[in-house]
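For reference, the structure discussed in these notes is given below.
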Amino acid sequence: MMRFKGHLAHKFAESPVLRLRLPAWRSRLMALLILGCFGVLLGRSFYLQILNNDFLQEKGDSRYRRDLEVSASRGRIADRNGDVLAISTPMKSVWAIPADARLTPQQTRQLAQLLEVDDKEMARKLASDKNFVYLHRQIPPEVAEKVAALKLPGIGQNKEYRRFYPTGEMTAHIVGFTGVDDKGLEGIELAYQGQLLGRAGSRSVIKDRRGQIVEDVGSIKPPQDGKDIRLALDSKIQYLAYSQLKQAVLDNKAKAGGAIVIDAKTGEILALANWPTYNPNNREHLSGAQLRNRAVTDTFEPGSTLKPFTAALALEKGKFRFDSVIDCAPGRLTIGTATISDAHPHGALTVAQVIQKSSNVGVAKIAATFAPQEMWEMFDAVGFGQIPRLGFPGEVGGRLRPWKSWRPIEQATMSYGHGISVSLMQLVHAYTVFARDGDLLPLTLTRADGAPPIGAPVFSSQTAREVRAMLEMAVQNGGTAPKAQIPGYRVAGKTGTAYKLESGQYVKKYVASFVGFAPASDPRLIVAVMIDEPGGASHYGGDVGGPVFAGVMGGALRTLGIPPDAPLRLEASTLGVQVAQTPAVKEKL
Amino acid sequence: MIRLNMLLLLAVVICALGVVTSQHKARKLFQDLEAEQDRAKQLDVEFGQLQLELSTWATPPRIEKIARDKLKMRTPEAGKVISATAATGLSAGGLAP
């Protein structure tokens, strides 16, 4: 095509160029060169389009595409009625890149004022040689807007969530708290971290010159908000437990205390309070003692609150009956070299009276008829020595030594709750066997919906009924805890007053406790109270723990609308004036 | 032949304009959607803050304080409480207000 043959030339216009006879190699060279150029172009395009495609595509995208992170919020924690106990709300954190932040002293002062930090502190932060410093974390959005309006160079903001706990110290131990980076550090916040935590999503978009999103490109990963947790807790009952416990600890000049309320029908934990406590919204100057969730993480020797278990085993094995008589005189019993004594000496008592009067000697005599293995198996079956596995951080299982190493005196002391240690949670859990018909119900922190759970049978329903009757006697006049009575309701419960162990020695310090349930005709609630080192006029479980129990239980029964199951004989005699008024009230209704 | 070509050219131009307008509309709508989604998020945040405020006002200690100090309420003694049975509970509840 490009070759011009000489003999054709004359057909065209006369051209001196065409008249020249050029060597053929020149045109071939030309063609080759052009071909070579095409080759280079082809190679280049191969290099760009095939070999380097990904890299270049990315570079191109970065010119107009933006990857945005879509933040997800942490789940809420609510009580059983939906009242919020913990909620996250977005806040802003202000940061600076010190190298870029060249502020005039006046600007620095202005910024410090807005952020409510010290001038000098601010100047020090801005002068630091770090690449990045937070000036103030988690400030309200309104303040953040004012800071942004200053348009300071090298100062930026990012969005962060802050956790709020409206119920504050009342629910501090059960709810726990999170750190600044949304990580659960205590309580439910830690136990349910996996469910509460949201997963941030992402999307890539095209933004126009004005920074507005024009369209989505590529795949969108939607953010996953954390799951809301609905606890079994009832705020009203929690408040009762908390306020009554606090009052009791302060009144009795005690060191600490704990209280738990559970629903005997469902195993739900309705309240869990500890004293001392802390405010999770402001955690400055926090001490270990305040942080301790004693009801779950501390074990103590429960004392007499374990006696009903010994009595139940005796009834269950058929060795004793409800009214079998045991000689408890003279209030002392020597086993080996050690002597057990009663606080008040008793004569002959029935099994029921042993529990009612809380006689150590009587219970030890009953326990002496058991093989150690039998007793160990019973303690094991009601959950002593085992970690409750509620999911709480720091749960403990207490101490229940293997039966093979028990000596007779140890078996005797264990029958009334010494030489064995449990947490308050374990104790209240174990009492479900008496509040129910002999089965041990698993406990739950979260609200239980659906069919009521079935527990593992430990005692027969006959035994449970009889022990219930004994526990009712303990609260009546003549028992150890008349202060635990609640007008209008039949109450059953057991006191415990135990010496504390300090470095292996019993010292003259006490742990007063009370565990009970009501209404005794068909138990609905179980309340356990523990007061550590009461230093007031009395250190007995009945005097210290009993009133707390009555206050919490009475209020909780009323809150839940559980009908009274006892005739108001007591009130009829003592409150005659008011009874006389009742017909008038009736007419008004 | 020329006529067909002209017709096709016209069709192409119309289609092209159509693409341009629909793209423009799509972007407008997309921005509206964005704005609404932002508003939804904003409202969600506000809802959370209001919920927080609600539960702060409604904490049991505060309610008890107001009930006791301001409204002079107190717990009735057990002797003053009449419990209605389930059968009459309904009618009593209806009459109460």
## Note on the structure
Okay, helices (runs of 4 or more DSSP H) sitting entirely in segment A:393-490 with 2 or more residues that are more than 14 Å from chain B (Cβ to nearest Cβ) and closer than 29 Å to A:Ile335 by Cα, I get A:408-415, A:424-430, A:461-475
### Query
With (1) crowded, with 21+ Cβ neighbours inside 10 Å; (2) free of Cβ contacts under 8 Å to residues at least 40 places away in the same chain as the list, and A:Leu250 as the residue in question, which single condition is left unmet?
(1)
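Select, from A:Ser219, A:Ser202, the only residue that is more than 31 Å from the chain's Cα centre (by Cα) and not in a helix (DSSP H, G or I). Before the answer, list the steps.
Details: A:Ser202 fails: more than 31 Å from the chain's Cα centre (by Cα).
Criteria check complete, one pass: A:Ser219.
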### Task
Find the residue count for segment A:496-541, including only residues that are crowded, with 24+ Cβ neighbours inside 10 Å and without any contact (Cβ under 8 Å) to a residue 24 or more places away in the chain.
0
### Query
Which of the residues spanning segment A:81-95 are within 28 Å of A:Gln157 (Cα to Cα) and out of contact with any Phe, Trp or Tyr (no Cβ under 9 Å at 6 or more places or on another chain)?
A:Lys92
### Query
Only one of these conditions is not met by B:Val45: (1) modelled with pLDDT under 90; (2) at the interface with chain A (Cβ under 10 Å from one of its Cβ atoms); (3) within 30 Å of A:Pro563 (Cα to Cα). Which number is it?
(3)
### Task
Residue by residue through segment A:388-400, note down the ones that are surrounded by 14 or more Cβ atoms within 10 Å (Cβ to Cβ) and on the phi < 0 side of the Ramachandran plot.
A:Pro388, A:Leu390, A:Phe392, A:Pro393, A:Glu395, A:Val396, A:Gly397, A:Leu400
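Take B:Arg62 and decide whether it is within 26 Å of A:Phe164 (Cα to Cα) and either within 10 Å of chain A (Cβ to nearest Cβ) or at pLDDT 90 or above (or both).
Criteria met by B:Arg62.
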### Task
Among the residues of segment A:70-104, count how many are away from every other protein chain (no Cβ under 14 Å) and part of a strand (DSSP E or B).
4
### Summary
Going through segment A:141-179 in order, the residues found to be in a loop (DSSP other than H, G, I, E, B) and either touching a helix residue (DSSP H, G or I) at 6+ places or on another chain (Cβ under 8 Å) or surrounded by 14 or more Cβ atoms within 10 Å (Cβ to Cβ) (or both) are A:Leu150, A:Leu152, A:Gly154, A:Tyr165, A:Pro166, A:Thr167, A:Gly176, A:Phe177
#### Entry: In segment A:109-136, the residues that are over 34 Å from the mean Cα position of the chain (by Cα) and within 14 Å of A:Ile97 (Cα to Cα)
A:Met122, A:Ala123, A:Arg124, A:Lys125, A:Leu126, A:Ala127, A:Ser128, A:Asp129, A:Lys130, A:Asn131, A:Phe132
### Query
Counting only residues that are more than 31 Å from the chain's Cα centre (by Cα) and crowded, with 18+ Cβ neighbours inside 10 Å, how many does segment A:474-485 have?
7
#### Entry: Residues of segment A:538-558 classified as assigned to a helix (DSSP H, G or I), of a type outside the set (A, V, I, L, M) and touching a strand residue (DSSP E or B) at 6+ places or on another chain (Cβ under 8 Å), total
6
### Query
In segment A:195-235, what residues are within 15 Å of A:Val70 (Cα to Cα) and among the basic types (Lys, Arg)?
A:Arg199, A:Arg203, A:Lys221
### Message
I need every pair where a residue in segment B:29-56 that is over 30 Å from A:Asn279 (Cβ atoms) has its Cβ under 6 Å from the Cβ of a residue that is surrounded by 14 or more Cβ atoms within 10 Å (Cβ to Cβ) and aliphatic (A, V, I, L, M), sequence separation at least 6 or different chains.
### Response
B:Glu34/A:Ile213
### Query
Taking segment A:105-130 as the search range and keeping residues that are in contact with a helix residue (DSSP H, G or I) (Cβ under 9 Å, 6 or more places away or on another chain) and in a loop (DSSP other than H, G, I, E, B), which one is surrounded by the most Cβ atoms within 10 Å (Cβ to Cβ)?
A:Val117
### Among (1) crowded, with 18+ Cβ neighbours inside 10 Å; (2) among the charged types (D, E, K, R); (3) without any contact (Cβ under 8 Å) to a residue 40 or more places away in the chain - the single one A:Lys92 does not satisfy
(3)
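The values are calculated or read from the model by the stated rules, or taken from the named source; none is laboratory data. These numbers were taken from a predicted model, which means no experiment stands behind them. Neighbour counts are summed over all protein chains in view; Cβ atoms, including those assigned to glycine, are modelled from backbone coordinates with ideal geometry.
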